[in-house]
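Structure, as structure tokens:
The values are calculated or read from the model by the stated rules, or taken from the named source; none is laboratory data. These numbers come from a predicted model, not from an experiment. Don't worry about glycine lacking a Cβ; one is built from the backbone with ideal geometry, like all the others, and counts go over all protein chains shown.
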């Protein structure tokens with residue numbers, strides 16, 4: 001039971017971290033573009 | 001798709017995300033409530049519903065990297081390079097899920113966290129080599145980045161059939177060649193596969209948008 005729950009929780013953590021990193025990279029790029037446009 | 005991301009593809013992003021979240025939620029409900037507990041292994045066998053779909057999605061993602069790499073070398077259009085790199089990165093995340101969920105299952109089923117059996121070993125090699133794709137991509141100069149990435153995306157594809165056939169080609173595999181499942185188990189596995197493939201598509205679109213933003217920043221064009 002513990003191993004099964006751990007597998008799903010770890011998978012969720014991996015995905016959340018990855019998707020947050022995507023969001024942060026996109027925000028950084030948008031910010032860079034805004035600065036360059038000014 | 002030679003000059004950029006089609007408008008319909010960008011506009012479908014929220015719909016694909018919504019579909020992915022709904023399907024993953026339904027598949028998780030099916031794993032908990034519908035799929036029966038396997039008699040021999042017990043509840044730990046339910047790891048199969050994330051492990052196998054993630055493994056298959058990894059192969060689909062790296063297959064897409066291969067196809068897009070060929071398309072890039074043939075057309076020299078940035079979008080194919082963006083597709084190859086995006087699919088490869090999202091594929092790496094799925095491969096990481098496989099490598100994390102596998103040992104948890106192995107500890108219970110085989111009484112060990114890790115063993116150097118053919119499928120585990122070839123999959124770990126696959127993960128390291130595709131990780132190398134990103135290291136090389138980040139290391140080489142802008143002018144040669146796309147070409148070198150495309151060549152790597154094609155060469156590394158050789159690993160996929162090796163992983164797939166490893167249980168047949170080498171002795172001593174602990175992974176079964178085929179698995180017999182009851183109706184509810186099979187349906188839950190198929191549902192999970194569909195859910196994680198749609199989730200891949202959603203994450204891939206998100207990653208592709210990042211490449212599009214990067215391309216726009218470098219070329220001074222508008223991004224979709």
Somewhere in region B:31-40, is a residue in contact with a helix residue (DSSP H, G or I) (Cβ under 7 Å, 6 or more places away or on another chain), outside any helix (DSSP H, G or I) and more than 13 Å from chain A (Cβ to nearest Cβ)? yes
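Just checking, does region B:105-118 include any residue being touching a strand residue (DSSP E or B) at 6+ places or on another chain (Cβ under 9 Å), within 14 Å of chain A (Cβ to nearest Cβ) and assigned to a helix (DSSP H, G or I)?
Our first condition is that a residue be touching a strand residue (DSSP E or B) at 6+ places or on another chain (Cβ under 9 Å); within region B:105-118, this holds for B:108.
Then keep just the ones that are within 14 Å of chain A (Cβ to nearest Cβ); that gives B:108.
Checking which are assigned to a helix (DSSP H, G or I) leaves us with B:108.
Scanning region B:105-118 turns up at least one residue that is touching a strand residue (DSSP E or B) at 6+ places or on another chain (Cβ under 9 Å), within 14 Å of chain A (Cβ to nearest Cβ) and assigned to a helix (DSSP H, G or I).
Evaluate the following for residue B:161: is it closer than 30 Å to residue B:45 by Cβ, surrounded by fewer than 18 Cβ atoms within 10 Å (Cβ to Cβ) and in contact with a helix residue (DSSP H, G or I) (Cβ under 9 Å, 6 or more places away or on another chain)? Write out each step before concluding.
Numbers: closer than 30 Å to residue B:45 by Cβ: yes; surrounded by fewer than 18 Cβ atoms within 10 Å (Cβ to Cβ): yes; in contact with a helix residue (DSSP H, G or I) (Cβ under 9 Å, 6 or more places away or on another chain): no.
Answer is no for this residue.
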Output the residues belonging to region A:20-38 that are more than 7 Å from every other protein chain (Cβ to nearest Cβ) and within 15 Å of the chain's Cα centre (by Cα). A:20, A:21, A:23, A:24, A:27, A:28
Taking the criterion of being more than 21 Å from the chain's Cα centre (by Cα), loosely packed, with under 14 Cβ neighbours inside 10 Å and under 26 Å from residue B:183 (Cα atoms), would at least one residue in region B:20-29 satisfy it? yes
Could you figure out which of (1) surrounded by 20 or more Cβ atoms within 10 Å (Cβ to Cβ); (2) over 18 Å from the mean Cα position of the chain (by Cα); (3) at pLDDT 95 or above isn't true of residue B:104? (3)
